[in-house]
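Student: Can you keep this structure in mind? I'll have questions shortly.
Computed from the coordinates by the stated procedures, all read-outs in this text should not be read as laboratory data. These numbers were taken from a predicted model, which means no experiment stands behind them. Reconstructed Cβ throughout: ideal geometry from the backbone, glycine too, with neighbour counts over all protein chains shown.
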Amino acid sequence: MQALLAYGAVILSFVGALHWGLAMSVPHLHGGEGSRLFAGSVVPALLAWVALLLPPALAVAILVVGLWGHYAQDRRLARRVRLPDWYLPLRLALTSAASLALVLAWPRLI
C-alpha cells in the first residue's frame, strides 16, 4: 500500500511540474498571473509530501482531492491560455485512473 501512496504522491507532484512548465512557456500572462501560476505549481508537491506523513486513509483523501483540484485548475487555465487539444482529455483520464486506484485501495488502509 505504501508503494501506491508513493506513486499517487509522485503523480500529484508531476501535475505541479506541468503547471511550472506552462508558466514558463506562456509569455503573455498579465499582472501577477505568471507568478501565481509558478507559486501554484509548487502546491501539488507540498500536498503530496504532507500526504505521505499522514495515516494512509487520510493520505488517500488528500491525494485524490489534490489531483481533482489541480484538474479543475487546468480547466480554468484552459480558458485563459491555449492548451493542446489533447491536454484536458488526457488529464481527465489520468486523474480518473490515479484516483480510482487510490480509492479502490482505501478500504485496505482503514
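Student: Need the full-extension length gain, Leu52 to Leu88, defined as separation in residues times 0.36 nm minus the C-alpha distance. One decimal, nm.
Tutor: Additional length available on full extension: 10.3 nm.
Student: Taking the Cα centre as origin and putting +1 on Lys and Arg beta-carbons and -1 on Asp and Glu beta-carbons, what dipole magnitude results for the chain, to the nearest 20 debye?
Tutor: 200
Student: Report ³J(HN,Hα) in whole Hz for each residue of the range 65-75, in order, from the Karplus equation J = 6.51 cos²θ - 1.76 cosθ + 1.60 where θ = phi - 60°; Gly and Pro get x.
Tutor: Coupling constants for the range 65-75: 4, x, 4, 6, x, 7, 5, 4, 4, 4, 5 Hz.
Student: Going by how many other beta carbons lie within 10 Å of each one, how would you line up Val65, Val15, fewest first?
Tutor: Result, fewest neighbours first: Val65, Val15.
Student: Continuing with the same structure: Projecting each Cα onto the charge dipole of the chain (Lys/Arg +1, Asp/Glu -1 at the beta carbon, about the Cα centre), which of Val50, Ile11, His28 comes out farthest on the positive side?
Tutor: So the residue we want is His28.
Student: Ok, one more. Non-local amide H neighbours of Leu54 (under 5 Å, H modeled in plane, Pro and chain starts lacking H): which ones?
Tutor: none
Student: To make sure I understand, if each residue's beta carbon is the centre and we count other beta carbons within 10 Å, what order do Asp85, Asp74 fall in, fewest to most?
Tutor: The order, fewest Cβ neighbours first, is Asp85, Asp74.
Student: Calculate one ³J(HN,Hα) per residue across the range 90-99 by plugging θ = phi - 60° into the Karplus curve 6.51 cos²θ - 1.76 cosθ + 1.60, and present them in order as whole Hz with x for glycine and proline.
Tutor: 5, 4, 5, 5, 5, 5, 5, 5, 5, 5
Student: Rank these for me by crowding, Leu54, Leu102, going from fewest to most other beta carbons within 10 Å.
Tutor: Lowest count first: Leu54, Leu102.
Student: Which length gain, in nm to one decimal place, applies between Ala78 and Met1 when the Cα-Cα distance is subtracted from 0.36 nm times their residue separation?
Tutor: Extra length available between Ala78 and Met1 comes to 24.3 nm.
Student: Taking Cα atoms, how many degrees apart are the long axis of helix 2-25 and the longest axis of the chain, rounded to 10 and kept between 0 and 90?
Tutor: 0
Student: Report, in deg cm²/dmol and to the nearest 500, the calculated mean residue ellipticity at 222 nm for the chain, where each DSSP H run with n ≥ 4 adds -39500 (n - 2.57) and the sum is divided by the residue count.
Tutor: Result for the chain, helices only: -29500 deg cm²/dmol.
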